[in-house]
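Step one of this worksheet: look at the structure below.
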Amino acid sequence: NSDKKPEASEEQITVFHDKDNFNVKHPLMHKWTLWFTKPPSGKGDNWNDLLKEVITFNSVEEFWGVYNNIAPTSELALKSDYHLFKEGVRPEWEDVQNKHGGKWSYQFKNKHAVPIDELWLQVMLAAIGETLEEEGDGELMGVVVNVRKGFYRVGVWTRTIGKSIPGGGDGDVAGGKGRSIEKGKDILMNIGKKFKDVLKLPEGEVVEFSGHTDSAHSGSTRAKAKYTV
Amino acid sequence: APLNTKPVEAPQPSAALQSLKSARFLTAINPALYPSSINSPNPALNSAVAAKGKSFKYDSAFLMQFQKVFTEKPSMEFESQIKALIGDGDAGSARSAS
(Lines give C-alpha, C1' and ligand atoms only; values in the text may rest on other atoms or scores of the structure.)
Protein backbone atom coordinates (compact mmCIF):
# COMPACT_ATOMS: atom_id res chain seq x y z
CA ASN A 1 0.00 0.00 0.00
CA SER A 2 1.71 3.15 -1.20
CA ASP A 3 -0.16 5.37 1.26
CA LYS A 4 1.57 3.73 4.16
CA LYS A 5 4.28 5.74 5.82
CA PRO A 6 7.34 3.49 5.96
CA GLU A 7 8.84 5.65 8.73
CA ALA A 8 6.03 4.76 11.08
CA SER A 9 6.00 1.03 10.41
CA GLU A 10 9.75 0.62 10.33
CA GLU A 11 10.81 2.43 13.44
CA GLN A 12 13.81 0.55 14.76
CA ILE A 13 13.57 -0.36 18.43
CA THR A 14 16.69 -1.90 19.93
CA VAL A 15 16.97 -3.90 23.12
CA PHE A 16 18.37 -0.71 24.68
CA HIS A 17 15.13 1.14 23.97
CA ASP A 18 12.88 -1.62 25.26
CA LYS A 19 14.37 -4.88 26.49
CA ASP A 20 11.07 -6.75 26.18
CA ASN A 21 9.73 -5.30 22.95
CA PHE A 22 12.51 -4.68 20.48
CA ASN A 23 12.23 -5.26 16.75
CA VAL A 24 15.84 -5.15 15.54
CA LYS A 25 18.85 -7.16 16.69
CA HIS A 26 22.57 -6.98 16.03
CA PRO A 27 23.92 -9.52 13.54
CA LEU A 28 27.23 -11.28 14.02
CA MET A 29 29.41 -11.68 10.96
CA HIS A 30 29.48 -15.44 11.51
CA LYS A 31 27.28 -18.00 13.16
CA TRP A 32 28.97 -19.36 16.29
CA THR A 33 28.47 -22.67 18.06
CA LEU A 34 29.14 -23.13 21.76
CA TRP A 35 30.49 -26.56 22.69
CA PHE A 36 31.09 -28.05 26.11
CA THR A 37 33.45 -30.87 27.06
CA LYS A 38 32.06 -32.89 29.94
CA PRO A 39 34.60 -34.16 32.42
CA PRO A 40 35.18 -37.90 31.88
CA SER A 41 33.33 -40.21 34.25
CA GLY A 42 36.40 -42.36 34.68
CA LYS A 43 34.67 -45.32 33.04
CA GLY A 44 36.51 -45.25 29.73
CA ASP A 45 34.42 -42.60 28.00
CA ASN A 46 34.96 -41.93 24.34
CA TRP A 47 36.13 -38.31 24.10
CA ASN A 48 33.70 -37.77 21.23
CA ASP A 49 30.82 -38.59 23.58
CA LEU A 50 32.07 -35.99 26.03
CA LEU A 51 32.14 -33.17 23.47
CA LYS A 52 28.65 -31.67 23.41
CA GLU A 53 27.19 -29.08 21.07
CA VAL A 54 25.23 -26.59 23.19
CA ILE A 55 23.76 -23.97 20.86
CA THR A 56 24.39 -21.99 17.67
CA PHE A 57 23.63 -18.27 17.57
CA ASN A 58 24.08 -15.34 15.23
CA SER A 59 23.13 -12.18 17.12
CA VAL A 60 24.68 -10.16 19.93
CA GLU A 61 21.45 -10.38 21.90
CA GLU A 62 21.34 -14.16 21.69
CA PHE A 63 24.99 -14.45 22.71
CA TRP A 64 24.13 -12.68 25.96
CA GLY A 65 21.05 -14.84 26.45
CA VAL A 66 23.36 -17.85 26.29
CA TYR A 67 26.16 -16.37 28.37
CA ASN A 68 23.85 -15.14 31.11
CA ASN A 69 22.31 -18.59 31.53
CA ILE A 70 25.30 -20.93 31.62
CA ALA A 71 27.79 -21.64 34.38
CA PRO A 72 30.84 -19.38 34.40
CA THR A 73 34.17 -21.08 33.76
CA SER A 74 35.17 -20.73 37.40
CA GLU A 75 32.29 -23.01 38.43
CA LEU A 76 33.04 -25.82 35.98
CA ALA A 77 34.42 -29.16 37.15
CA LEU A 78 38.02 -30.06 36.38
CA LYS A 79 38.58 -31.39 32.84
CA SER A 80 35.71 -29.29 31.45
CA ASP A 81 36.14 -27.06 28.40
CA TYR A 82 34.07 -24.41 26.70
CA HIS A 83 34.69 -24.01 22.98
CA LEU A 84 33.20 -21.23 20.85
CA PHE A 85 33.73 -22.09 17.18
CA LYS A 86 32.40 -20.95 13.85
CA GLU A 87 29.37 -22.98 12.85
CA GLY A 88 30.32 -26.17 11.04
CA VAL A 89 33.77 -26.52 12.61
CA ARG A 90 34.18 -29.18 15.29
CA PRO A 91 36.56 -27.97 18.01
CA GLU A 92 39.02 -30.81 17.45
CA TRP A 93 42.25 -30.80 15.49
CA GLU A 94 41.02 -33.79 13.47
CA ASP A 95 38.27 -31.68 11.86
CA VAL A 96 39.13 -31.24 8.19
CA GLN A 97 39.05 -27.46 8.67
CA ASN A 98 41.44 -27.58 11.63
CA LYS A 99 43.92 -30.26 10.77
CA HIS A 100 46.33 -27.94 8.96
CA GLY A 101 45.93 -25.25 11.58
CA GLY A 102 47.24 -24.36 14.98
CA LYS A 103 46.56 -22.36 18.07
CA TRP A 104 47.76 -19.53 20.21
CA SER A 105 47.46 -20.49 23.84
CA TYR A 106 48.30 -19.36 27.32
CA GLN A 107 48.11 -21.12 30.66
CA PHE A 108 47.14 -19.26 33.82
CA LYS A 109 48.83 -21.31 36.51
CA ASN A 110 47.61 -19.38 39.53
CA LYS A 111 43.94 -20.29 39.24
CA HIS A 112 42.84 -18.36 42.28
CA ALA A 113 44.50 -15.13 41.25
CA VAL A 114 43.20 -14.94 37.69
CA PRO A 115 39.78 -13.42 36.85
CA ILE A 116 39.10 -16.24 34.40
CA ASP A 117 35.40 -15.49 33.93
CA GLU A 118 36.11 -11.92 32.85
CA LEU A 119 39.03 -12.96 30.62
CA TRP A 120 37.14 -15.77 28.89
CA LEU A 121 34.21 -13.41 28.32
CA GLN A 122 36.55 -10.88 26.71
CA VAL A 123 38.07 -13.59 24.49
CA MET A 124 34.59 -14.62 23.33
CA LEU A 125 33.60 -10.99 22.70
CA ALA A 126 36.74 -10.46 20.63
CA ALA A 127 35.85 -13.55 18.57
CA ILE A 128 32.19 -12.74 17.90
CA GLY A 129 32.95 -9.01 17.51
CA GLU A 130 35.55 -10.00 14.88
CA THR A 131 38.34 -7.97 16.44
CA LEU A 132 40.96 -10.74 16.72
CA GLU A 133 41.84 -10.58 13.03
CA GLU A 134 41.67 -8.17 10.13
CA GLU A 135 39.27 -8.17 7.23
CA GLY A 136 40.22 -10.92 4.80
CA ASP A 137 42.64 -12.76 7.11
CA GLY A 138 40.33 -15.76 7.28
CA GLU A 139 42.33 -17.49 10.01
CA LEU A 140 40.08 -17.52 13.06
CA MET A 141 38.31 -20.83 13.72
CA GLY A 142 37.36 -20.55 17.37
CA VAL A 143 38.35 -19.96 20.95
CA VAL A 144 38.60 -22.35 23.89
CA VAL A 145 39.06 -22.44 27.64
CA ASN A 146 40.26 -25.59 29.46
CA VAL A 147 39.71 -26.11 33.19
CA ARG A 148 42.46 -28.32 34.62
CA LYS A 149 43.83 -29.17 38.02
CA GLY A 150 46.80 -26.87 37.90
CA PHE A 151 45.73 -24.20 35.44
CA TYR A 152 43.22 -22.55 33.17
CA ARG A 153 44.31 -22.54 29.52
CA VAL A 154 42.81 -20.17 26.96
CA GLY A 155 43.37 -20.62 23.24
CA VAL A 156 42.63 -19.17 19.80
CA TRP A 157 42.55 -21.65 16.94
CA THR A 158 43.63 -20.69 13.43
CA ARG A 159 42.99 -22.33 10.07
CA THR A 160 46.64 -22.55 9.10
CA ILE A 161 50.12 -22.34 10.59
CA GLY A 162 50.89 -19.50 8.20
CA LYS A 163 51.47 -21.44 5.02
CA SER A 164 49.43 -22.86 2.18
CA ILE A 165 47.36 -25.96 2.80
CA PRO A 166 46.01 -28.71 0.52
CA GLY A 167 42.92 -27.44 -1.25
CA GLY A 168 43.63 -23.88 -0.11
CA GLY A 169 43.44 -22.53 -3.65
CA ASP A 170 45.61 -19.93 -5.35
CA GLY A 171 44.26 -16.79 -3.72
CA ASP A 172 45.58 -14.50 -1.02
CA VAL A 173 43.46 -16.24 1.58
CA ALA A 174 44.24 -18.32 4.65
CA GLY A 175 45.95 -21.43 3.27
CA GLY A 176 46.02 -20.10 -0.30
CA LYS A 177 49.13 -20.21 -2.51
CA GLY A 178 48.70 -16.48 -3.25
CA ARG A 179 49.48 -15.57 0.34
CA SER A 180 53.20 -15.27 0.97
CA ILE A 181 54.86 -17.03 3.89
CA GLU A 182 55.74 -13.59 5.27
CA LYS A 183 52.17 -12.36 5.13
CA GLY A 184 50.86 -15.60 6.55
CA LYS A 185 53.21 -15.28 9.49
CA ASP A 186 52.40 -11.58 10.00
CA ILE A 187 48.70 -12.38 10.19
CA LEU A 188 49.25 -15.08 12.80
CA MET A 189 51.55 -12.81 14.83
CA ASN A 190 48.95 -10.05 14.72
CA ILE A 191 46.27 -12.43 16.01
CA GLY A 192 48.65 -13.52 18.79
CA LYS A 193 49.30 -9.92 19.83
CA LYS A 194 45.61 -9.09 19.90
CA PHE A 195 44.90 -12.21 21.92
CA LYS A 196 47.64 -11.26 24.38
CA ASP A 197 46.08 -7.78 24.70
CA VAL A 198 42.65 -9.26 25.38
CA LEU A 199 44.17 -11.40 28.14
CA LYS A 200 45.77 -8.24 29.60
CA LEU A 201 49.10 -10.03 29.89
CA PRO A 202 52.19 -8.03 30.74
CA GLU A 203 54.91 -7.72 28.11
CA GLY A 204 57.13 -10.30 29.81
CA GLU A 205 54.57 -13.11 29.64
CA VAL A 206 54.80 -15.39 26.62
CA VAL A 207 51.87 -16.59 24.52
CA GLU A 208 52.75 -19.56 22.34
CA PHE A 209 51.63 -20.72 18.91
CA SER A 210 51.88 -24.35 17.87
CA GLY A 211 50.53 -26.41 14.98
CA HIS A 212 47.88 -28.97 15.90
CA THR A 213 49.69 -31.85 14.20
CA ASP A 214 52.93 -30.98 16.02
CA SER A 215 50.96 -31.35 19.23
CA ALA A 216 49.30 -34.55 18.11
CA HIS A 217 52.51 -36.21 16.98
CA SER A 218 54.35 -35.36 20.14
CA GLY A 219 51.49 -36.88 22.09
CA SER A 220 51.23 -33.72 24.11
CA THR A 221 49.67 -30.29 23.90
CA ARG A 222 53.00 -28.91 25.11
CA ALA A 223 54.71 -29.21 21.75
CA LYS A 224 57.55 -26.88 20.91
CA ALA A 225 56.16 -23.42 20.20
CA LYS A 226 56.43 -22.34 16.60
CA TYR A 227 55.87 -18.65 17.33
CA THR A 228 55.64 -16.58 20.48
CA VAL A 229 54.41 -13.10 21.33
CA ALA B 1 -2.96 -27.32 51.58
CA PRO B 2 -2.82 -30.43 49.38
CA LEU B 3 -0.26 -30.41 46.62
CA ASN B 4 -1.68 -29.48 43.28
CA THR B 5 -0.69 -32.35 41.02
CA LYS B 6 -2.62 -31.18 37.98
CA PRO B 7 -0.34 -30.49 35.03
CA VAL B 8 0.47 -26.81 34.77
CA GLU B 9 -0.27 -24.98 31.57
CA ALA B 10 2.59 -24.89 29.12
CA PRO B 11 4.66 -21.81 29.92
CA GLN B 12 4.62 -19.04 27.37
CA PRO B 13 7.80 -17.53 25.98
CA SER B 14 8.65 -14.25 27.63
CA ALA B 15 8.24 -10.99 25.75
CA ALA B 16 12.02 -10.69 25.51
CA LEU B 17 12.34 -14.16 23.98
CA GLN B 18 9.54 -13.43 21.52
CA SER B 19 11.31 -10.22 20.55
CA LEU B 20 14.59 -12.09 20.08
CA LYS B 21 12.91 -14.56 17.74
CA SER B 22 10.93 -12.02 15.73
CA ALA B 23 13.39 -9.11 15.57
CA ARG B 24 14.94 -8.31 12.22
CA PHE B 25 18.68 -8.08 11.78
CA LEU B 26 20.04 -4.58 11.43
CA THR B 27 21.28 -4.16 7.88
CA ALA B 28 23.93 -1.58 8.76
CA ILE B 29 25.53 -0.08 11.81
CA ASN B 30 23.85 3.23 12.52
CA PRO B 31 25.40 5.26 15.35
CA ALA B 32 22.30 7.47 15.46
CA LEU B 33 20.10 4.53 16.40
CA TYR B 34 21.04 4.31 20.07
CA PRO B 35 19.69 6.07 23.16
CA SER B 36 22.07 8.77 24.35
CA SER B 37 23.16 6.64 27.31
CA ILE B 38 24.53 3.94 24.99
CA ASN B 39 27.86 4.11 23.22
CA SER B 40 27.49 3.05 19.60
CA PRO B 41 29.95 0.60 18.03
CA ASN B 42 33.41 2.03 17.45
CA PRO B 43 33.10 3.38 13.88
CA ALA B 44 36.81 2.87 13.18
CA LEU B 45 36.33 -0.90 13.30
CA ASN B 46 34.02 -0.92 10.32
CA SER B 47 35.27 2.04 8.32
CA ALA B 48 37.42 0.00 5.95
CA VAL B 49 34.44 -1.84 4.56
CA ALA B 50 31.67 0.55 5.55
CA ALA B 51 30.92 1.24 1.91
CA LYS B 52 29.83 -2.34 1.47
CA GLY B 53 27.59 -2.10 4.53
CA LYS B 54 28.37 -5.68 5.41
CA SER B 55 30.78 -5.19 8.25
CA PHE B 56 29.56 -5.83 11.77
CA LYS B 57 32.63 -5.63 13.93
CA TYR B 58 31.88 -4.74 17.53
CA ASP B 59 34.27 -3.55 20.20
CA SER B 60 34.12 -5.07 23.66
CA ALA B 61 32.82 -1.87 25.30
CA PHE B 62 29.84 -1.82 22.95
CA LEU B 63 29.09 -5.51 23.48
CA MET B 64 29.36 -5.28 27.27
CA GLN B 65 26.44 -2.87 27.33
CA PHE B 66 24.10 -5.75 26.47
CA GLN B 67 25.12 -7.84 29.47
CA LYS B 68 22.47 -6.61 31.87
CA VAL B 69 19.94 -5.87 29.13
CA PHE B 70 19.40 -9.22 27.44
CA THR B 71 19.32 -11.84 30.19
CA GLU B 72 16.55 -14.11 28.90
CA LYS B 73 17.32 -17.72 28.06
CA PRO B 74 17.66 -18.12 24.28
CA SER B 75 14.93 -20.79 24.10
CA MET B 76 12.20 -22.29 26.25
CA GLU B 77 14.16 -25.54 26.53
CA PHE B 78 17.54 -23.99 27.23
CA GLU B 79 17.57 -24.51 30.97
CA SER B 80 16.79 -28.24 30.75
CA GLN B 81 19.26 -28.65 27.87
CA ILE B 82 21.99 -27.02 29.91
CA LYS B 83 21.24 -29.16 32.93
CA ALA B 84 21.53 -32.27 30.79
CA LEU B 85 24.72 -31.11 29.05
CA ILE B 86 26.66 -29.23 31.67
CA GLY B 87 24.94 -29.93 34.97
CA ASP B 88 23.54 -27.32 37.27
CA GLY B 89 26.87 -25.70 37.90
CA ASP B 90 27.30 -26.85 41.49
CA ALA B 91 30.86 -27.74 42.23
CA GLY B 92 29.94 -31.10 43.79
CA SER B 93 31.07 -32.92 40.69
CA ALA B 94 34.53 -31.35 40.71
CA ARG B 95 37.21 -33.99 40.69
CA SER B 96 40.62 -33.80 42.15
CA ALA B 97 42.23 -35.95 39.46
CA SER B 98 44.20 -33.98 36.90
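Summarising the overall dimensions of chain A from its C-alpha atoms, the Rg and Dmax are 19.6, 71 angstrom.
Residues with beta-carbon under 12 Å from that of A:S59, excluding A:S59: net charge, scoring Lys, Arg +1 and Asp, Glu -1?
Summing Lys/Arg as +1 and Asp/Glu as -1 gives +2.
Put a plus charge on the Cβ of each Lys and Arg, a minus charge on the Cβ of each Asp and Glu, and nothing anywhere else: the dipole of the protein assembly as shown about its Cα centre is then about 900 debye.
Placing dummy labels 7 Å off each Cα toward the beta-carbon, the span from A:S74 to A:Y227 is 3.2 nm. Taking each DSSP H run with n ≥ 4 as -39500 (n - 2.57) and averaging over every residue of the protein assembly as shown yields -6500 deg cm²/dmol at 222 nm.
How big is the dipole moment of the stretch A:26-145 about its Cα centre under a simple scheme where the beta carbon of each Lys and Arg is +1, that of each Asp and Glu is -1, and everything else is neutral? Debye, nearest 20, please.
Details: 11 positive and 19 negative charges, 125 e Å.
Around 600 debye, computed over the stretch A:26-145.
Say each of A:I181 and B:I38 gets a label point 7 Å from the Cα, pointing the same way as Cα to Cβ; how far apart are those two points in nm? A separation of 4.9 nm, rounded to one decimal place.
Charged neighbours of B:T71, selected by a Cβ distance under 14 Å, balance to -2 (K, R count +1; D, E count -1).
Could you give the size of the charge dipole of the stretch A:158-219 about its Cα centre, using +1 on the Cβ of each K and R and -1 on the Cβ of each D and E, expressed in debye and rounded to the nearest 20?
On the way: 10 positive and 9 negative charges, 33 e Å.
So the dipole magnitude of the stretch A:158-219 works out to roughly 160 debye.
For the stretch A:128-134, putting each phi into the Karplus relation 6.51 cos²θ - 1.76 cosθ + 1.60 with θ = phi - 60° gives couplings of 6, x, 6, 10, 8, 9, 8 Hz, in residue order, rounded to whole numbers and with x for Gly and Pro.
Of the GluC sites (Glu not before Pro) found in the stretch A:135-188, those in coil by DSSP whose Cβ has at most 16 other Cβ atoms within 10 Å are A:E135. Could you please state how large a percent of the accessible area of chain A is carbon and sulfur, counting protein chains only and using a 1.4 Å probe? Reported share for carbon and sulfur atoms: 47 percent. Summing charges over neighbours of A:H26, with a neighbour being any other residue whose Cβ is under 13 Å away from its Cβ, gives -1 when K and R count +1 and D and E count -1.
Close lysine pairs were tallied over the stretch A:77-130: pairs 8 or more places apart or on different chains with Cα atoms under 17 Å apart number 4. Summarising the label geometry, the points placed 7 Å from Cα in the beta-carbon direction at A:E10 and B:V8 lie 4.2 nm from one another. Looking at chain A, the accessible area is 46 square angstrom per residue; that uses a 1.4 Å probe and ignores ligands, DNA and RNA. For the options A:D214, A:D20, A:D45, a Gaussian network treatment of chain A with springs between C-alpha atoms closer than 10 Å singles out A:D20 as fluctuating the most. Considering only A:V143, A:W93, B:A44, and ranking their Cα positions along the charge dipole of the protein assembly as shown that arises from unit charges at the beta-carbon of Lys, Arg, Asp and Glu, the one farthest toward the positive end is A:W93.
The values are calculated or read from the model by the stated rules, or taken from the named source; none is laboratory data. Just so we're clear, the structure is a prediction, and the values are computed from it rather than from any experiment. For neighbour counting, all protein chains shown are included, and Cβ atoms are generated from backbone atoms with ideal geometry for every residue, glycine included. Areas reflect the complete protein model, heavy atoms only, side chains present, ligands, DNA and RNA absent. Shrake-Rupley method; radii C 1.70, N 1.55, O 1.52, S 1.80 Å.
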